[in-house]
Amino acid sequence: MAARNDPESVRHSRRGELTRDELEEDFLQRSDKSVWVAEIEGQVAGYVAFETGADGIEIGIALHPAHRGRGLGRAVLLAGTRHAIEVLEADEVLAEIFPANARSVALFVGAGYERVDDRGVPHRYRKVAKR
Ligand SMILES: CC(C)(COP(=O)(O)OP(=O)(O)OC[C@H]1O[C@@H](n2cnc3c(N)ncnc32)[C@H](O)[C@@H]1OP(=O)(O)O)[C@@H](O)C(=O)NCCC(=O)NCCS
């Protein structure tokens with residue numbers, strides 16, 4: 001909850017703040033979505049969500065505020081992207097990022113994602129699998 005619902009995460013999300021029930025439904029009951037939880041010393045440090053859509057797999061990340069700015073985002077994005085391509089067999093990994101979220105844009109571009117279009121916000125980014 002703390003990773004998903006802190007002001008920075010909410011500001012940069014499509015759906016705003018989620019209730020516990022909404023979060024549980026989103027994470028646990030959807031057949032098109034799976035979630036990794038990152039734990040550090042027994043505490044939830046963040047999550048990576050994988051959502052299967054028509055165009056590929058969309059990846060989303062949120063870290064607990066105490067674990068931001070230390071390179072964990074980069075580590076989980078690289079591992080998550082590799083998982084989406086090699087295990088989930090995605091041809092493309094996608095992400096939707098609000099342009100004001102400069103840290104997230106830097107993170108995804110640094111991991112090899114490129115902007116797909118300019119159809120409005122949030123902007124769409126993708127990484128194409130090299131097989
Ligand atoms: C976005 C998020 C996952 C990034 O993870 P992180 O571990 O905090 O990432 P870092 O602070 O190490 O920064 C990642 C990159 O952004 C750069 N960066 C940091 N703050 C920045 C800023 N204000 N403006 C531009 N770039 C910035 C860093 O230098 C780093 O680039 P590098 O790898 O080339 O050095 C994390 O901050 C988070 O959970 N934010 C809230 C939820 C969210 O916005 N999720 C993404 C939705 S698409």
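The values are calculated or read from the model by the stated rules, or taken from the named source; none is laboratory data. Being a predicted model, the structure only gives us computed values, none of them experimental. Backbone-built Cβ (ideal geometry, glycine too); neighbour counts: all protein chains shown.
Since Ala3 meets every condition but one in (1) modelled with pLDDT under 95; (2) closer than 25 Å to Asp91 by Cα, which condition does it not meet?
That leaves (2) as the condition not met.
Can you report the number of residues in segment 53-71 which are among the hydrophobic types (A, V, I, L, M, F, W, C), within 14 Å of the chain's Cα centre (by Cα) and more than 7 Å from the ligand (Cβ to nearest atom)?
In the first step, residues of segment 53-71 are kept if they are among the hydrophobic types (A, V, I, L, M, F, W, C); the result is 54, 57, 59, 61-63, 66.
Subset that is within 14 Å of the chain's Cα centre (by Cα): 57, 59, 61-63.
Now restrict to residues that are more than 7 Å from the ligand (Cβ to nearest atom): 57, 59.
Counting residues in segment 53-71 that are among the hydrophobic types (A, V, I, L, M, F, W, C), within 14 Å of the chain's Cα centre (by Cα) and more than 7 Å from the ligand (Cβ to nearest atom) gives 2.
Testing Asp117 on (1) farther than 16 Å from Arg11 by Cβ; (2) in contact (Cβ under 8 Å) with a residue 12 or more places away in the chain, one condition comes back false. Which one is that?
(2)
Look through segment 1-36, keep the residues that are in contact with a Gly (Cβ under 8 Å, 6 or more places away or on another chain) and among the aliphatic types (A, V, I, L, M), and return whichever of them is nearest to Leu63 (Cα to Cα). Lay out the reasoning, then the answer.
Here is the first cut: in segment 1-36, the ones in contact with a Gly (Cβ under 8 Å, 6 or more places away or on another chain) are 3, 10, 32, 36.
Then drop every residue that is not among the aliphatic types (A, V, I, L, M), which leaves 3, 10.
Working: Ala3: 5, Val10: 12 Å.
Residue satisfying both the conditions and the ranking: Ala3.
Please give the number of the condition Asp118 fails out of (1) within 8 Å of the ligand (Cβ to nearest atom); (2) in a loop (DSSP other than H, G, I, E, B); (3) not β-branched (Val, Ile, Thr).
Of the numbered conditions (1) within 8 Å of the ligand (Cβ to nearest atom); (2) in a loop (DSSP other than H, G, I, E, B); (3) not β-branched (Val, Ile, Thr), the odd one out for Asp118 is (1).
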